[in-house]
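Working notes, structure below.
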Amino acid sequence: MAETEMPQEAAPKKKSKLPIIIGLVLAMILGGGGFYATFSGMILAPIAEDHAQDGPEVSPLPDIAFVPVETVVISLGAAANDSHLRMTSQLEVAKTYAAEVELLMPRILDVLNGYLRAVEVSQLENPSALVRLRAQMLRRIQIVTGEGRVRDLLITEFVLN
């Protein structure tokens, strides 16, 4: 008889449902907060039309023209490994001065030919020297055309062959 009677305390205990209830409540609170943040536009909101038009203003292009300069071919002489320099460029000018600069093109070509013939071959072969050469040529062109007419010299081809 002792075997048939079991004490009531030995029965398995039921697990508490409190962690599941707390988890569900927190999930509902976080879900509701996420919905509110999205719905109110705090996160993932499309860009409002007012903000899209407030972007940086695009300024109109300056009133410029590009005057092409004839290709200049310079023989480098016997001391050079390469025999010729071929340079093609354009001048950036104000549109009002484009005709005047074109009229002075023979003088501009003369200045470029004279300067490039005087430059040593070692300077022409140095890739970093192109910036200095361009600045020197631009200054000489500005002297020929008059101050304020030519804004920049754009070198489109500079080939030693």
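The values are calculated or read from the model by the stated rules, or taken from the named source; none is laboratory data. Only a predicted model underlies this, so the values are computations on that prediction, with no experimental measurement involved. Backbone-built Cβ (ideal geometry, glycine too); neighbour counts: all protein chains shown.
Scanning segment 121-160 for residues that are without any contact (Cβ under 8 Å) to a residue 40 or more places away in the chain, over 19 Å from residue 110 (Cβ atoms) and touching a strand residue (DSSP E or B) at 6+ places or on another chain (Cβ under 7 Å) yields a count of 1. Once segment 74-126 is narrowed to residues that are surrounded by 14 or more Cβ atoms within 10 Å (Cβ to Cβ) and in contact with a His (Cβ under 9 Å, 6 or more places away or on another chain), the residue that is modelled with the highest pLDDT is 74.
For residue 27, state whether it is surrounded by 13 or more Cβ atoms within 10 Å (Cβ to Cβ), farther than 22 Å from residue 155 by Cα, modelled with pLDDT of 80 or more and not assigned by TED's automatic domain parsing to the domain that holds residue 150. No: the conditions fail for residue 27. Of all the criteria given as (1) more than 21 Å from residue 73 (Cα to Cα); (2) among the small types (Gly, Ala, Ser); (3) surrounded by 12 or more Cβ atoms within 10 Å (Cβ to Cβ), the one not satisfied by residue 148 is (3). Entry remark, segment 119-141: residues being in a loop (DSSP other than H, G, I, E, B) and under 14 Å from residue 155 (Cα atoms) number 0 in total. Looking at 150, 131 in this structure, which one is in contact with a helix residue (DSSP H, G or I) (Cβ under 8 Å, 6 or more places away or on another chain), modelled with pLDDT of 90 or more and aliphatic (A, V, I, L, M)? That would be 150, the only listed residue that is in contact with a helix residue (DSSP H, G or I) (Cβ under 8 Å, 6 or more places away or on another chain), modelled with pLDDT of 90 or more and aliphatic (A, V, I, L, M).
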